[in-house]
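**Q** Here you go, one structure.
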Amino acid sequence: MNKGVSEEKRNELAKKFGDKIGDREFIVVVEVFTEQEKIENDKKIKATALDPKYQVKQEQFLLNINDKAKDFTLKLVDGKEVKLSDLKGKVVLVNFWATWCAPCLQEFYDIPSKILEPFKNDNFVFLAISSGESETAVAKKVVKLKSDGLDFNFGFDPKEVIWNQYATNAIPKNFLIDQNGIIKYVAVGNAEGNLDKIASEIKKLLSK
């Protein structure tokens, strides 16, 4: 079973099946193999993994640990703007997400308890930046998220201006920036333990 589909595949399925697919960010495609097909498929996967021509490392980050964070001005859903350089002296966690990204949304539901609540009285700021989507689409999704208690600093990056300075490929991605504007930790995806590790790194920076 594949645990999700690409944005392109999701849109293709949405066009074909319409409302039958439900919430698009949680599309799962199930493929059933016969025992022989499974054996053959496993052989192909192993062969591909061993073939040097397929062992291409995908670049995930344009900025990495110990790089200076690129400055940006982020327009928030409430109409206000925040400039990264104005947050000097604070620890900042920049999160890149999208409304269609299931791992991003799953991560969001753990952020209040694991990130926001523990550091609510500290010099810490969380910025959730939606990349490549219209303000209308993001604002609509944010209404639902806020109704579920996820009241973040949601911002727009419709033309991916900020994203293209920081990373490529998969989301969610998190960049932890210290009080001097230096990136101290980066993470991709929503694997188990990711937010716990980020929280630990935030605590280290705040204690300095």
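**Q** Suppose we filter the range 79-111 for residues that are of a type in the set (Asp, Glu) and in a helix (DSSP H, G or I); how many remain?
**A** 2
**Q** Restricting to the range 162-208, name every residue that is under 19 Å from residue 101 (Cβ atoms), part of a helix (DSSP H, G or I) and touching a helix residue (DSSP H, G or I) at 6+ places or on another chain (Cβ under 8 Å).
**A** Matches in the range 162-208: 194, 195, 198.
**Q** Tell me, yes or no, whether the range 91-99 has at least one residue that is in contact with a Cys (Cβ under 6 Å, 6 or more places away or on another chain), in contact (Cβ under 8 Å) with a residue 60 or more places away in the chain and within 25 Å of residue 200 (Cβ to Cβ).
**A** yes
**Q** Of all residues being more than 17 Å from residue 87 (Cα to Cα) and crowded, with 18+ Cβ neighbours inside 10 Å in the range 162-173, which is nearest to the chain's Cα centre (by Cα)? Just the residue, please.
**A** Top of the filtered list is 172.
**Q** What is the residue count in the range 111-125 for residues that are surrounded by fewer than 19 Cβ atoms within 10 Å (Cβ to Cβ) and under 18 Å from the mean Cα position of the chain (by Cα)?
**A** 5
**Q** Just to check your reading of the model, which residue among 70, 88, 141 is among the basic types (Lys, Arg), touching a Gly at 6+ places or on another chain (Cβ under 9 Å) and in contact (Cβ under 8 Å) with a residue 40 or more places away in the chain?
**A** Checking each option against the conditions leaves just 88.
**Q** Out of the range 145-161, which residues are over 23 Å from residue 184 (Cβ atoms) and part of a strand (DSSP E or B)?
**A** Within the range 145-161, 154, 156 meet the criteria.
**Q** Now for a different question. Quick check, is residue 191 at pLDDT below 95 and at negative phi?
**A** yes
**Q** Kindly evaluate residue 145 against the criterion of being in contact with an Asp or Glu (Cβ under 7 Å, 6 or more places away or on another chain) and more than 22 Å from residue 69 (Cα to Cα).
**A** When the stated conditions are applied, residue 145 does not pass them.
**Q** Examine the range 170-180 for a residue that is touching an Asp or Glu at 6+ places or on another chain (Cβ under 8 Å) and within 15 Å of residue 90 (Cβ to Cβ), and state whether such a residue exists.
**A** Yes, the range 170-180 has at least one match.
**Q** Looking at the range 140-159 only, could you name the residues that are more than 18 Å from residue 195 (Cβ to Cβ) and surrounded by fewer than 15 Cβ atoms within 10 Å (Cβ to Cβ)?
**A** 140, 143, 144, 146, 147, 159
The values are calculated or read from the model by the stated rules, or taken from the named source; none is laboratory data. Please read these numbers as outputs of a predicted model, since none were measured by experiment. All Cβ positions, even for glycine, are placed from backbone atoms using ideal geometry, and neighbour counts span all protein chains on display.
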